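Please read the structure below before turning to the comments.
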């Protein structure tokens, strides 16, 4: 006989109670502290996990339903984009290099975020955050997948998209985002939540997603815009989770405040350093610009972030000190980062170029205090030399910061003509950092950073050549061997945009679509 | 401060001198010449003569800059870890006491880069 089911549907509140909080139990074969070994070692004190408020009250069945609906729409757009050769509708083939940076530098982080939130969810004894972390973990792997699928269409037509998951563990500039996530993932679950859940997903996410997705919209890339939209509703949930997590920690015990403050200080700075890559993308890589990096920083950090820290002040949280420096740096970092990629363009998996006169005028207008004074002469010189056949490629490896792993390209806060050198001595070794922010992070936990996998040092140690390479043979060309080890094809994936295969193909294909010859 | 961890957190440094096949790391930046975005990193045998460093190795790295041919090493000054430092051109970097991962800054008075912008 069929079981008699109750006709009455569960209300949302009851459903939430049964399908999240009601799934928890006290273990009996093993004590709870053995089951959740990472719950206390970071020093965060939680007295009542039931005080966790979940503002979304999402249950797993509803999650699947919403996400499946979004995926259907997204993949319909991606199919249409591929079938209609949507890639030929972008403003200019230079734009495609921003996508290469995204696929190689950002998408692998989505995957690590998936793993990290799965681990955090496993390690929190409270069922509320555990379910929230589970959902965010699933979001992150979906984001990685949808980004890879959206960009795979470009891989059919353009260079540099072919091996992002291999490159993230090897290529010099990709060690910057990779080491950022490695640092967070190797911390405990609470620090992870402040590092990624709060600092990255709440404080800095708009500075990452809005520029890339608006950049895609401004430059005619519907596929990327659509995955951006698909991810956006998840991002709203992630931001809320990050904020709830920090409030929960601060409300549970006053002893948590100094620990949380230390993590906010550290991760705000770590995140801002990674975002230098976004700054240069906005100011230099988008043929049709959305806004300058400086404007984005002012809107999304100084105004929105300012309001957030205003809110958190009642818990005793202060704005991280290093941020005073950011108000100076916002005038410089995008130019400094692009100058770096331009001169190391021989070892990058995307193309580089110098801005046109019009673009330099745009930069002057957006950066009236700095562009003409410090950068225009340098860029004009390089452009003129390139036209004479003397394009500048640096032939020597740069010194890197031990913490953020970015070449030591940042200047003193008080003097934009002077590289900022900081150093620390630890157990008989010297360690160099690019800023007070990175030095402070190093000095606080030197043991964590002495093991850093710095690409330049690894190359000099001989660890970045294909297996079987003999560096002692006559005429050995280390750069060629490093590129081979990176899976980066010299002359196709790297060097100038001008004269690249991408440029030629795009022009030819677009010509076929718009002309009769 | 020690890393907050569940067990002893102790790792050997990744870049000790013994890993560089007889070489030592030396970093050199050229002040007021930001055309070179960051100081350079070199891995050199301790027997490298300072004159070879200046005339061959640095010349190879910095030679693209129109100011390089105007550099007068007799008038140049150096900073090591930000403090004044006086090399003897005829000695090797080992004899001069340069240690693994030391950082030097070359200062060339009168040379201010492209159009005087420190580029």
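Annotations
- Here the relative contact order of region A:37-333, from alpha carbon pairs under 8 Å that lie six or more residues apart, stands at 25 percent.
- Antiparallel DSSP beta bridges within chain A, percent to nearest 5: 90 percent
- Evaluating kT/(6 pi eta Rh) at 37 °C and 0.692 mPa s, with the Kirkwood radius of region A:37-333 over Cα pairs in the Stokes-Einstein relation, gives 166 µm² s⁻¹.
- Each part gets one Cα centre, and for region B:5-39 versus region A:76-122 those centres are 33 Å apart.
- Beta bridge orientation in region B:1-115: antiparallel %, DSSP, nearest 5: 70 percent
- In plain terms, the bigger the Kirkwood radius, the slower the diffusion; for the protein assembly as shown, with that radius from Cα pairs, at 10 °C and 1.306 mPa s, Stokes-Einstein puts D at 60 µm²/s.
- For region A:208-241 and region A:358-382, distance of Cα centres in Å: 29 Å
- The relative contact order of region A:397-517 comes to 16 percent, based on Cα pairs under 8 Å that sit 6 or more residues apart.
- For region A:1-43 versus region A:290-305, the gap between their alpha-carbon centres in whole angstrom: 42 Å
- Using C-alpha pairs below 8 Å separated by at least 6 residues, the relative contact order for chain A is 16 percent.
The numbers here are math on the coordinates, done by the rules we state, and not lab data. Please read these numbers as outputs of a predicted model, since none were measured by experiment.
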